[in-house]
There are 2 protein chains.
Amino acid sequence: MSSDVSSPTRTTALDPAAAAPTRWLDAEEQRAWRAYMYSWMLLEDRLDRELTRETGISHAYYEILVQLSEAADRQLRMSELAERCLSSRSRLSHAVSRLEERGWVRRQVCAEDGRGQLAVLTDEGFAALEAAAPVHVEGVRSHLFDQLSPAQVAAMRDIGETVLRHLAER
Amino acid sequence: MSSDVSSPTRTTALDPAAAAPTRWLDAEEQRAWRAYMYSWMLLEDRLDRELTRETGISHAYYEILVQLSEAADRQLRMSELAERCLSSRSRLSHAVSRLEERGWVRRQVCAEDGRGQLAVLTDEGFAALEAAAPVHVEGVRSHLFDQLSPAQVAAMRDIGETVLRHLAER
DNA sequence: TCCAAGTGGTTGAGCGTTTTACTGTCTCGC
DNA sequence: GCGAGACAGTAAAACGCTCAACCACTTGGA
């Protein structure tokens, strides 16, 4: 235990007073952080695996289809879609290419801006989403909401929105 | 909006009474879920990028080094290490190979079980962890704990542990 | 003692993501 | 108009993860 770098009792300062002393996490904070991180990692993994196994659609693809389905005319500019999916443009470009191969999305040049591309959800894509949605929702429900009290759900939202306000400011 | 598959008002049942009707998320639940998911995705991405940029160590590698540093004699069986890192054996095996190339970890055959391998943290690896730890902790502190009230931190831990109990049962 | 089944770990191929660079288009000041 | 710079999106290569197959060793029973 004396070799534990993240030990809260550690106060060594190798840097010559240049940087501020590290504000280590105490034991309680470490527990909170670990619980938060691990629970999310397990949840993410579980939802993605169940969705992929039962529908053949990964959570990443699902998110793209959802965003398109919610957009006007079921279409969005590539960059707008990337932003809504918290995805890089490159990643989204690759992903849309793969969805195009499945016939679920098609690209279309943007009329207003010759540089732009529109990603359009096809009927087949919408049908695939319709088939996958119940599986996804049931996963979120059973692994998350069914486990939490209404107060915990409210707290979850509150925490999420607080962190989001901090991180999403640009 | 009428095309929104995840709309809470949707009650279509295409399946002939075989499966139970989908328990869709209502608007409040959707907000909570989205806030929770997006905030975690942004936080994860932010922490990983900052850590990688400033120390050259990804969050995945960092986790491996932490687990080894906290273990007795700074060494663990590969499978035990994989479990603690919430990683697959294959993934860990690849990762350890890369850490070995950096000279931060070395493999050693296990004395008690000839099939087993021990991953051992080297002094160089420990030094790398010591250098990275303040950066990581400061990231978690500034992007998470500094944003939350003590009550929110307590709730975060509570939620995390609740979900963990559900998902970690094996 | 020997063999079958189980376990621990690695390997390689395929796939998805990241990074960097690049192409084509738009915008704005001259 | 026209050229410089910004912007939208894509391409290529390197990297990491997943999946399935595999090897080596151990265990337990005949």
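Search region A:94-108 for residues that are over 14 Å from A:A60 (Cα atoms) and of a type in the set (G, A, S) and pair each with any residue that is at pLDDT 95 or above and more than 9 Å from DNA strand D (Cβ to nearest atom) when their beta-carbon atoms are under 8 Å apart and the residues are at least 6 apart or on different chains.
A:G103/A:T122; A:G103/A:E124; A:G103/A:G125
Return a yes/no flag: does region B:143-151 have any residue that is away from every other protein chain (no Cβ under 11 Å), more than 16 Å from DNA strand D (Cβ to nearest atom) and modelled with pLDDT of 95 or more.
At the first step, the residues of region B:143-151 found to be away from every other protein chain (no Cβ under 11 Å) are none.
Within region B:143-151 (the criterion being away from every other protein chain (no Cβ under 11 Å), more than 16 Å from DNA strand D (Cβ to nearest atom) and modelled with pLDDT of 95 or more), the answer is no, since none of the residues qualifies.
Taking region B:132-170, which residues are surrounded by 20 or more Cβ atoms within 10 Å (Cβ to Cβ) and among the small types (G, A, S)?
B:A132, B:A133, B:A155, B:G160 - these are the residues of region B:132-170 that are surrounded by 20 or more Cβ atoms within 10 Å (Cβ to Cβ) and among the small types (G, A, S).
Considering region B:137-170 alone, what residues qualify as being among the acidic types (D, E) and part of a helix (DSSP H, G or I)?
Of all residues in region B:137-170, those among the acidic types (D, E) come to B:138, B:146, B:158, B:161, B:169.
Selection gives B:E138, B:D146, B:D158, B:E161.
Out of the residues in region A:114-127 meeting the condition of being touching a residue at least 24 places away in the same chain (Cβ under 8 Å) and within 13 Å of DNA strand C (Cβ to nearest atom), tell me which one is surrounded by the fewest Cβ atoms within 10 Å (Cβ to Cβ). It would help to see each step written out before you state the result.
Initial filter on region A:114-127 (touching a residue at least 24 places away in the same chain (Cβ under 8 Å)): A:116-121, A:125-126.
If we keep only those that are within 13 Å of DNA strand C (Cβ to nearest atom) too, we end up with A:116-117.
Numbers: A:G116: 14, A:Q117: 17.
Checked region A:114-127; the qualifying residue surrounded by the fewest Cβ atoms within 10 Å (Cβ to Cβ) is A:G116.
Conditions first: (1) away from chain B (no Cβ under 11 Å); (2) within 16 Å of DNA strand C (Cβ to nearest atom); (3) not in a helix (DSSP H, G or I). A:R91 passes all but one, so which condition is the exception?
(3) is the only condition that A:R91 fails.
Report yes if A:E44 is within 16 Å of DNA strand C (Cβ to nearest atom) and within 10 Å of chain B (Cβ to nearest Cβ), otherwise no.
Against the criterion (within 16 Å of DNA strand C (Cβ to nearest atom) and within 10 Å of chain B (Cβ to nearest Cβ)), A:E44 qualifies.
Mind listing just one residue for me: the one in region B:44-56 that is more than 15 Å from the chain's Cα centre (by Cα) and either more than 14 Å from DNA strand D (Cβ to nearest atom) or part of a helix (DSSP H, G or I) (or both) and, of those, nearest to A:L164 (Cα to Cα)?
B:E50
For region A:97-113, what are the residues that are crowded, with 21+ Cβ neighbours inside 10 Å and within 12 Å of DNA strand C (Cβ to nearest atom)?
Going through region A:97-113, the residues crowded, with 21+ Cβ neighbours inside 10 Å turn out to be A:99, A:104-105.
Within region A:97-113, just A:L99 meets the criteria.
Which residue is nearest to DNA strand D (Cβ to nearest atom), if the candidates are limited to region A:57-95 and must be among the polar types (S, T, N, Q) and in contact with a Lys or Arg (Cβ under 9 Å, 6 or more places away or on another chain)?
Just the residues of region A:57-95 that are among the polar types (S, T, N, Q), to begin with: A:58, A:67, A:69, A:75, A:79, A:87-88, A:90, A:93.
Now narrow it down to the ones that are in contact with a Lys or Arg (Cβ under 9 Å, 6 or more places away or on another chain): A:67, A:79.
On the way: A:Q67: 14, A:S79: 3 Å.
Restricting to residues being among the polar types (S, T, N, Q) and in contact with a Lys or Arg (Cβ under 9 Å, 6 or more places away or on another chain), the top hit is A:S79.
Considering only residues of region B:96-106 that are more than 14 Å from chain A (Cβ to nearest Cβ) and within 14 Å of DNA strand D (Cβ to nearest atom), which is nearest to B:L121 (Cα to Cα)? I'd like the intermediate steps shown before the answer.
The initial filter retains those residues of region B:96-106 that are more than 14 Å from chain A (Cβ to nearest Cβ), namely B:96-103, B:105-106.
Imposing the further condition that a residue be within 14 Å of DNA strand D (Cβ to nearest atom) reduces the set to B:96-102, B:105.
Working: B:V96: 10, B:S97: 13, B:R98: 13, B:L99: 10, B:E100: 9, B:E101: 13, B:R102: 11, B:V105: 5 Å.
Per the criteria, the residue is B:V105.
Of all the residues that make up region B:60-71, how many are free of Cβ contacts under 8 Å to residues at least 60 places away in the same chain and crowded, with 17+ Cβ neighbours inside 10 Å? Break it down stepwise before answering.
As a first pass, look at region B:60-71 and keep what is free of Cβ contacts under 8 Å to residues at least 60 places away in the same chain: B:60-61, B:63-64, B:67-68, B:70-71.
Retained after the next criterion (residues that are crowded, with 17+ Cβ neighbours inside 10 Å): B:61, B:63-64, B:67-68, B:70-71.
So the answer is 7.
The values are calculated or read from the model by the stated rules, or taken from the named source; none is laboratory data. Computed from a prediction, not measured in an experiment: that's the story for all the values here. Backbone-built Cβ (ideal geometry, glycine too); neighbour counts: all protein chains shown.
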